[in-house]
Structures are given as structure tokens and as C-alpha cells.
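Below: one structure, written as C-alpha cells.
Laboratory data are not the source of any read-out in this text; all were calculated from the coordinates shown. Since the model is a prediction, treat every value here as computed from it, not as a measurement. Here the Cβ positions follow ideal geometry from the backbone for every residue, glycine too, while neighbour counts run over all protein chains shown.
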């Protein structure tokens, strides 16, 4: 009888193929979780922008006049537009969403990596309540 030492080429190839499949499935799952968390973070930042704009509208109701209305008012007579940068500069957005590491006082879209500072936010009054939406 002959003692068998080591693995055959077929056994080694089978193990390598199985490991490759496990790694592929793992990376796909990890990437999906990462993308989902980035989208959730973006939604939280967008909610913070809207909430900051509503606070600005409540603190400055005189800004919501017929004279300040623009073509983007979507049928609302009492509205105004501001940028995210304006809300950041006037501390209407919580600092936890601000990217200060880059040296800029900015808010970054985590999905695209682009600045959100130039996004415009429509603030309007309807039925004696203040609303806001990102344009």
C-alpha cells in the first residue's frame, strides 16, 4: 500500500474555487451594506437641511413675504429660497453633519462626494405653518 501525502491538483482547485465564491459573495454583501448606509446618511443630512430651513423660516417670518416670492414658489405666495451654505453660516444645521476636516465649512453628499452647499432650499408658509423642501 502506498501512503498518500498532500492534496491532488483537483482538490486544491476545488478549495480555491469555493474560497473565490465565498469572497465574491462577501464583497457583494459588504458593498450593498455600505451603499445602504451611505444612502441613509444622505437622507439624514437632507432631513437636517429641511429642518434647519424650517427653523430659519420660523425665526424670520418677515422673509416669507409676497415680495420675496420667486418663480420656484410652486403656487405659494409667501416663500423664499436660501442655500445650504446660508443655513450653515447662520448655524441652522446641526454641526454633526458638517465636514470640517476638509478645511471647508461644508456639507458633503456621502453618495457622490460632492458639496451640498449650493443646493437651494425653498421655504414657504402654507396654512400658517412653515414648510421647506430641497430644490
Exercise. Once both axes come from the Cα atoms, what is the angle between helix 9-59 and the longest principal axis of the chain, in degrees from 0 to 90, rounded to 10?
Worked result: 10
Problem set entry | MRE, 222 nm, helices only [DSSP H, n ≥ 4, -39500 (n - 2.57), over the chain, to nearest 500] | -15000 deg cm²/dmol
Exercise. Simple spin-label model, 7 Å along Cα-to-Cβ: residue 115 to residue 60 in nm?
Worked result: 2.0
Seminar exercise, completed: In nanometres, the difference between 0.36 nm per residue of separation and the alpha-carbon distance of residue 43 and residue 23 is 4.2 nm
Problem set entry | Once the Cα gyration tensor of the stretch 9-134 is diagonalised, semi-axes √(5λ) in Å | 46, 15, 10
Exercise. With the chain treated as a Gaussian network of Cα nodes joined by springs under 10 Å, which of 21, 12, 64 yields the largest mean-square fluctuation?
Worked result: 12
For this session: Would you kindly state how much longer the chain becomes between residue 5 and residue 33 on full extension, computed as 0.36 nm times their sequence separation minus their alpha carbon distance, in nm to one decimal?
Result: 5.8 nm
Problem set entry | Over the chain, relative contact order from alpha-carbon pairs under 8 Å, at least 6 apart, % | 24
